[in-house]
Amino acid sequence: MARHPHVPARAALAWLRPRPIEPALGALPPQDMRVLRCHGLDDELLTPLLGGHYPSDLLTSPPLRARALSPHVPRGNLVCGPSALWVHTGLRPPEILSVAGVVRPGAWRGLDSHRMSLPLEDRVVLAGVECSTLERAAVDVARTAPPTRAVEAILAAYGAGATRRGMLLALGHCRGGAAHGRPRAQRLILSVERVLSERAGRRRAAPLAAHRGSGAVAPGA
């Protein structure tokens, strides 16, 4: 028969005593995940990020998303590429963190590291974390990612407020080894803007066409 260690009643009651509730401020620890696993509900409440799971309501803005990456960014590096695009837009939480710096962080594992220096115009600090700007992140993904991801990046950037001029300026800063894929990125920037402009034009024209078809006098006529 297995023996169980003797535990004083006072110690057992102290363990059961309610403790102060501590809000989750980062990735949930493994013991919490073992308790909270619930098929279907996890996808609604939690976001997988760099091997951990974060409450999704902690990742609702660029500064909050940047703060979540902070412990994973090596000193002297900035968040770039698809990771920075996620910080700015929320598109595709990164499975591997993309960083850039003058010196590659050799001691850090699980990084997509790039040896390059971005100009000040292509840098922004969010919640104390240095990232490439929305425009630079979008064009870097558009230059190097598979076609579908590249189009997604430009669409997401326009949706987050980037402009054609801003992205073309950032693309002009991609020189040397970072110049790979520039023509494709430029074509995507212009093509996506043209499609978005055509859609916006059709949306503006539809109510006017419906009004004219009703036989009513068009506004301003």
### Query
of a type in the set (Asp, Glu), open to solvent by 70 Å² or more (accessible area, probe 1.4 Å) and within 14 Å of the chain's Cα centre (by Cα): does that describe residue 95?
yes
### Task
Tally the residues that are modelled with pLDDT under 90 and not in a strand (DSSP E or B), restricting the search to the range 36-55.
11
### Query
If you go through the range 76-110 one residue at a time, how many are more than 24 Å from residue 171 (Cα to Cα) and either assigned to a helix (DSSP H, G or I) or at pLDDT 90 or above (or both)?
1
#### Entry: So residue 79, is it crowded, with 22+ Cβ neighbours inside 10 Å, more than 20 Å from residue 50 (Cβ to Cβ) and in contact (Cβ under 8 Å) with a residue 12 or more places away in the chain
no
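The values are calculated or read from the model by the stated rules, or taken from the named source; none is laboratory data. Source: prediction; values computed, not measured. Quick reminder, even Gly has a Cβ in these numbers, built from the backbone with ideal geometry, and neighbours come from all protein chains shown. Keep in mind that these areas ignore ligands, DNA and RNA; they rest on the heavy atoms of the full protein, side chains included. Shrake-Rupley method; radii C 1.70, N 1.55, O 1.52, S 1.80 Å.
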